[in-house]
Amino acid sequence: MTGYLFDFHGLSLEARGSGVLWWPGGRWLVVADLHLGKSERLARRGGPLLPPYEGLATLERLAGEIAALAPEVVVSLGDGFDDLAAAQALDPLVAGALLALARGRDWVWLHGNHDPAAPRHLPGRSAAELRLGPVALRHEAGPGPDISGHFHPVVRLAGERRRAFLLGPQHLLLPAFGAYTGGLAHDHAAVQALVPRGLAIACGPRAIPLPIGQPRRR
């Protein structure tokens, strides 16, 4: 799987086709919006019944990237769990997979709007945000420069909706990584307010950069 290399406020980064962000300088793997336990949360709240396999499917994809990159640090940019009750009710196979992936590395759960605190029975530590030099890592974009998730951005490419990174002057938005997560179009007003121009990096077997918000030529 090929990625797209770029610089963001002094950081040399790679947007991977899978949807994870890789910082080779510190061996950090950053992932957004896993939403583990979503099928359980929907069933508990009387929503549609979905096959309860999204947790394992999500972690299997993440395990492939961890095996390929061997990160020293994994950062979840918030909403790692669909809510705190879902975190407590994780399938034992999903919890066991998390334990295996976290073994031997630092694992950080940033606070999200779905999971404002990390569950204590699972590996890792929690924080409101992290900093890499001038760049903040947080769930929802704030004063830039920052790297965040929350919006689940998508872009259309050849008639197909693709999860996408959005790279602007002050904000880098990551795509949702969870198997059952939806998406918000890159030109939605809430997203455009943060990234009015720059690149959408479409996910897939190859990460494809697409210019967005460029003025039309006359």
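Listing for the model above:
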{"item": "Check on Val154, under 30 Å from Leu90 (Cα atoms), modelled with pLDDT of 95 or more and not basic (Lys, Arg)", "result": "yes"}
{"item": "Test: residue in segment 173-194 that is outside any strand (DSSP E or B) and among the hydroxyl-bearing types (Ser, Thr, Tyr)", "result": "yes"}
{"item": "Of residues in segment 14-51 being more than 14 Å from the chain's Cα centre (by Cα), modelled with pLDDT under 95 and part of a loop (DSSP other than H, G, I, E, B), the one nearest to Glu129 (Cα to Cα)", "result": "Gly37"}
{"item": "Number of the condition not met by Gly204 [criteria: (1) part of a loop (DSSP other than H, G, I, E, B); (2) out of contact with any Ser or Thr (no Cβ under 7 Å at 6 or more places or on another chain); (3) farther than 29 Å from Ala100 by Cβ; (4) among the small types (Gly, Ala, Ser)]", "result": "(3)"}
{"item": "Close pairs from segment 173-194: first among the hydroxyl-bearing types (Ser, Thr, Tyr), partner part of a loop (DSSP other than H, G, I, E, B), Cβ under 7 Å, at least 6 apart", "result": "Tyr180/His35; Tyr180/Leu50; Thr181/Asp33; Thr181/His35; Thr181/His152"}
{"item": "Strands (runs of 3 or more DSSP E) (entirely within segment 131-171) containing at least 1 residues that are under 20 Å from Asp79 (Cα atoms) and in contact with a helix residue (DSSP H, G or I) (Cβ under 7 Å, 6 or more places away or on another chain)", "result": "153-157, 160-167"}
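Condition check ((1) over 23 Å from Leu13 (Cβ atoms); (2) exposed (fewer than 13 other Cβ atoms within 10 Å of the Cβ); (3) in contact with a Cys (Cβ under 9 Å, 6 or more places away or on another chain)) across all residues:
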| residue | (1), (2), (3) |
| --- | --- |
| Trp109 | no, no, no |
| Asn113 | yes, yes, no |
| His121 | yes, yes, no |
| Gly124 | no, no, no |
| Ala136 | no, no, no |
| Glu140 | no, no, no |
| Pro143 | no, yes, no |
| Ile147 | no, no, no |
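The values are calculated or read from the model by the stated rules, or taken from the named source; none is laboratory data. The model shown is predicted, which means the values in this text are computed figures rather than measured ones. When we count neighbours, we look across all protein chains shown, and the Cβ atoms used for this are built from the backbone with ideal geometry, even at glycine.
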